[in-house]
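I have placed the structure first, in the form of structure tokens, so that the comments after it can refer back to it.
Taken together, the values in this text are just the output of simple stated rules run on the coordinates, not laboratory data. Please read all numbers here as calculations on a predicted model, not as lab measurements. Every residue, glycine among them, receives a Cβ derived from its backbone with ideal geometry; neighbour counts consider all protein chains shown.
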Amino acid sequence: MLIGHSGRMRTFGRQSLSLTRFTQLPGHAGLLAALVFLVAASHGSPAGADEQKMWPAGAYTFSDELGGFEITGVTGKGTQDDPIVIVEEFQSATPVTLTIRARREIRPFEPSGDYVNGVLYMRIEALNNSGHPWIEFEFELQEILDRPSVFGDGLSFDQRNKSPTNIISSKFAKFDRDFEPYDRLLFTVGQVDPLASVSFQFLITDYTPRWTFYLVQDPRIPST
């Protein structure tokens, strides 16, 4: 609605820009100008731009807002039977960061996948459009952007499980986990050629859940 309860024209956007100035134009010109103004204002809104980058699934949203890669699809709930599946495209062989945000309330260990429960099963499906073969691929968890995730924060690649069976890749035969001073998961012994895809499956546990955390993804190329 453009007319308030007082009968006055509402003002949108900056306080100095009022729709009244457009409706003073003659005939249809005023209405057209007002509509153009509203469309431009909505497309120029930073909040609107951010919302377009959010991919909701389960109790979280996933975003490529920090750049360097593109999310093309997200499905699932994050449970063992229905993991979060994130389809991505990498245009370069440089580290990129996936932003993960809670969108539901926190209920530790609640099994349905409808709430943030500290247990998140994930599968990454990555298309190598970098023009270089990948010979390794590393993931790193961060509670605070650009800071290592330490033991005490509760965030890890299932650190309590000493012999995990759910860490799998379609193109890499081995993996290694490091927990101090970083939470890192490195896949080795394999190769992903340009324009080929690879999948990675793992479990993220967060026993002191935060509303936002980050997953750094680092494809490695041959040194020579």
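For Arg147 and Ser223, FRET efficiency with R0 = 22 Å and r from the beta-carbon atoms, rounded to 0.05? Given R0 = 22 Å and the Cβ-Cβ separation, E is 0.20.
Overall, segment 101-165 carries a charge dipole of about 200 debye about its Cα centre when +1 sits on the Cβ of Lys and Arg and -1 on the Cβ of Asp and Glu, all other atoms neutral.
Just want the ordering: Lys174, Lys77, Lys53, Lys162, from fewest to most Cβ atoms lying within 10 Å of their own Cβ. Don't jump to the answer; show the numbers that get you there.
Values: Lys174 11, Lys77 17, Lys53 14, Lys162 7.
Starting with the residue having the fewest Cβ neighbours, the order is Lys162, Lys174, Lys53, Lys77.
Where in segment 127-146 is the amide nitrogen less than 16 Å from a point lying 7 Å along the Cα-to-Cβ axis of Gln91? So the set is 127-132. Averaging the Cα positions of each part gives two centres, and for segment 109-138 and segment 186-218 these lie 5 Å apart. Remark: segment 49-220 carries a charge dipole of roughly 340 debye about the Cα centre, counting +1 on each Lys and Arg Cβ and -1 on each Asp and Glu Cβ. Restricting segment 96-153 to chymotrypsin sites (Phe, Trp or Tyr not before Pro) that sit in a DSSP loop and have at most 13 other Cβ atoms within 10 Å of their own Cβ leaves Phe109. Quotient of the Cα radius of gyration of segment 87-216 and 2.2 N^0.38 Å, N being its number of residues: 1.06.
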